[in-house]
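Written out below as structure tokens is the structure these notes cover.
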Amino acid sequence: MGWGIICPPESASARVSTKKMQKLPILLAMGASLALSGCATKRDGAPDYQESALNRLPFVYQMTIQQGNIITEEMVDRLEPGMTRSQVRYLLGTPMLTDLFHQDRWYYTYTIRHPHRDMEKKPLVVYFDGEVMTRVEGFTTPNPARLEAGEPEEVIVSVPDWSGDSGLVKKTLKALGVEDDN
């Protein structure tokens, strides 16, 4: 009648352990991929940042984001070797980073990200010997000739007269004949 082999029925605990064993390789693979995904970096050591594909679409609103100390060439041109730390702080503002291990350096960093463009970085490092500034490195360096050549500019701001201009809603109501020309 049968094959002559009698197998005992599987117990519930045996079925559960078999299901767990089948899920183990999947869970290990998922855990390894999550752990290794945190190791992605660029060649320069910066973390790999990938933005959403939706951010590249022209109709998606993005703000201009500015971070750090706004440092202009005029401000850097006013720096002179021999200035004290307080004088440098007065001209450039509080540094973004003062390193505990290199207390003779102040780091000023300015980044700006315009919509749909790459981020601009403007780093500046000011070096000190004790309380006296010795040199400056970064996106620009002090240039006394540029400071002397620069003439004070007179800025004229003209503000348009908007009293006769009406908004979109007012123009639409006027076109529909709902609102008067008052």
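Brief remarks on what is shown
- Residues of the stretch 37-55 that turn out to be at pLDDT 65 or above and either surrounded by 10 or more Cβ atoms within 10 Å (Cβ to Cβ) or of a type in the set (A, V, I, L, M, F, W, C) (or both), as a count: 3
- Criterion applied to THR140, THR172 was being at pLDDT 70 or above and part of a loop (DSSP other than H, G, I, E, B), and the one residue passing it is THR140.
- Going through (1) under 30 Å from THR140 (Cβ atoms); (2) at pLDDT 75 or above; (3) part of a loop (DSSP other than H, G, I, E, B) one by one, TYR61 falls short only on (1).
- First in the stretch 75-99 and over 11 Å from VAL126 (Cβ atoms), second anywhere and charged (D, E, K, R), Cβ under 8 Å, 6 or more apart: ASP77/ARG146; THR84/GLU131; ASP99/ARG105
- Residues (loosely packed, with under 14 Cβ neighbours inside 10 Å, of a type in the set (A, V, I, L, M) and not in a strand (DSSP E or B)) located in the stretch 92-133: LEU100, MET119
- Restricting attention to the stretch 107-132, the residues that are in contact with a strand residue (DSSP E or B) (Cβ under 6 Å, 6 or more places away or on another chain), aliphatic (A, V, I, L, M) and either under 10 Å from VAL76 (Cα atoms) or at pLDDT 90 or above (or both) total 3.
The values are calculated or read from the model by the stated rules, or taken from the named source; none is laboratory data. What you see is a predicted model, and the numbers here were worked out from it, not measured in a lab. Please note: Cβ atoms are built from the backbone with ideal geometry, for glycine as well, and neighbour counts cover all protein chains shown.
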